[in-house]
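The values are calculated or read from the model by the stated rules, or taken from the named source; none is laboratory data. Just so it is clear, the structure is predicted and the values come from calculations on it, not from any experiment. Counting neighbours? That spans all protein chains shown, and the Cβs are built from the backbone with ideal geometry, glycine included. These area figures cover heavy atoms from the full protein model, side chains too; ligands, DNA and RNA do not enter into them. Shrake-Rupley method; radii C 1.70, N 1.55, O 1.52, S 1.80 Å.
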Amino acid sequence: MVNQIRHVKSLGNINLENSYIVKLDGAVIKNKEDYLNAIEKGFHFPGKCEGIWERYLDWITDLDWIPERKIFLIIYNFQGFFFEDIKSKALVLQRLEDTILPFWEEEVKHVVVGGTPKEFQVYLVD
């Protein structure tokens with residue numbers, strides 16, 4: 001399993017069965033607050049991020065309430081994503097690639113007692 005970010009024109013025939021799926025509309029996510037609110041709802045975080053990146057990272061690297069072993073984060077209209085806050089857009093992508101995806105691929109086994117890796121795929125759809 002290789003967790004990664006993929007830029008695609010469409011999802012095509014990706015198998016989403018038996019997966020936890022979060023779909024975001026990049027056209028309505030203009031800034032950090034919009035993103036954190038959408039992620040909180042999509043992943044059903046048990047608490048609020050309140051605009052704080054560290055809380056977001058705490059929740060997104062927990063997800064113990066999600067039983068599925070495959071997670072898909074799909075961001076449609078990616079060109080409009082973070083239109084008002086390009087710096088935060090780069091930060092989100094960097095944290096996904098450098099922190100969140102590696103965590104679920106391997107690190108969870110070393111930092112969580114009984115931690116089990118999850119397939120975590122991100123699709124950026126234009």
With a 1.4 angstrom probe the carbon and sulfur portion of accessible area for the stretch 70-109, in percent, totals 50 percent
Note, Glu97: beta-carbon cut-off 15 Å, +1 each Lys/Arg, -1 each Asp/Glu, net -1
Normalised per residue, the volume inside the convex hull of the alpha-carbon atoms of the chain in Å³ amounts to 99 Å³
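For the chain, report the accessible area per residue in Å² (1.4 Å probe, heavy atoms, rounded to an integer).
Spelled out: the 1.4 Å probe surface of the chain, per residue, equals 55 Å².
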Reduced to Cα centres, the span from the stretch 1-50 to the stretch 106-121 in Å works out to 19 Å
Among Ile100, Gly26, Trp59, the residue whose Cα sits farthest towards the positive end of the charge dipole of the chain (+1 at Cβ of Lys and Arg, -1 at Cβ of Asp and Glu, taken about the Cα centre) is Gly26
Expressed as a whole-number percentage, the relative contact order of the chain with C-alpha contacts under 8 angstrom and at least six residues apart is 43 percent
